[in-house]
1. Taking the highest mean first, how do the peptides 18-25, 5-12 order by number of other beta carbon atoms within 10 angstrom per residue?
2. Within straight cross-link reach of Lys84, meaning Cα distance under 19 Å, which lysines are found once same-chain residues fewer than 8 apart are removed?
3. Over the range 2-109, with the other protein chains present, what is the accessible area per residue in square angstrom, probe 1.4 angstrom?
4. For the range 14-56, what class follows from the C-alpha gyration tensor (a ≥ b ≥ c being the square roots of its eigenvalues): rounded when a/c is under 1.5, otherwise prolate if a/b is larger than b/c, else oblate?
5. Nothing charged except the Cβ atoms of Lys and Arg (+1) and of Asp and Glu (-1): what's the magnitude of the dipole of the range 20-114 about its Cα centre? Round to the nearest 20 debye.
6. Find the Rg to Rh ratio for the range 45-88, where Rh is the Kirkwood radius over alpha-carbon pairs and Rg uses the same atoms.
7. If Tyr77, Tyr36 are ordered by their accessible area, calculated over protein heavy atoms with a 1.4 Å probe, which sequence runs from highest to lowest?
8. If you consider only alpha-carbon coordinates, what radius of gyration and Dmax does the chain have, in Å?
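The values are calculated or read from the model by the stated rules, or taken from the named source; none is laboratory data. Computed from a predicted structure; not experimentally measured. Here the Cβ is made from the backbone with ideal geometry for all residues, glycine too, and neighbour counts use every protein chain on show. When the accessible area is computed, the model is the full protein with side chains, heavy atoms only, and any ligands, DNA or RNA have been set aside. Shrake-Rupley method; radii C 1.70, N 1.55, O 1.52, S 1.80 Å.
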Amino acid sequence: VQLVESGGGLVQAGGSLRLSCAASGRTFSVKAMGWYRQAPGKQRELVASRSLGISSYVDSVKGRFTISRDNAKNTVYLQMNSLKPEDTAVYYCNIEDWTTGHYWGQGTQVTVSS
């Protein structure tokens, strides 16, 4: 089982990025999916999640980030708009399967310059 993230990079403040998390190796029975981030010297935080059709976001990204999923491609996305320097972090995707638990991606760096 592998989750491969892509789409990170360097962007100016106010710009946009779309992160992708492609799952392979098995068919998931997805209970929940989420995107986490970890900035240097800080704890990993959950920024967006989706479970049973309901999306949730940390206050700092509400209205700017959108989590979505393409079942046919077995891929989870995080659309990030109006990016701010404080969004700079390594972003990780997570999928929770109903029977086998949590799976993590390797992380992708997002850097927002001011």
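1. Numbers: 18-25: 17.9, 5-12: 15.2.
Averaged packing, sorted descending, gives the order 18-25, 5-12.
2. Straight-line reach from Lys84, under 19 Å: Lys42, Lys62.
3. Numbers: 5780 Å² over 108 residues.
Counting only protein heavy atoms, the per-residue value for the range 2-109 is 54 Å².
4. Values: a/c = 1.66, a/b = 1.60, b/c = 1.04.
Cα axes put the range 14-56 in the prolate bin.
5. On the way: 11 positive and 7 negative charges, 14 e Å.
Using only the charged Cβ atoms, the result is roughly 60 debye.
6. Numbers: Rg = 11.2 Å, Rh = 11.3 Å.
With Rh from the inverse mean 1/r over Cα pairs, Rg/Rh is 0.99.
7. Numbers: Tyr77 25, Tyr36 55 Å².
Sorted by accessible area, descending: Tyr36, Tyr77.
8. Expressed in Å, the Cα Rg and Dmax of the chain come to 13.4, 43.
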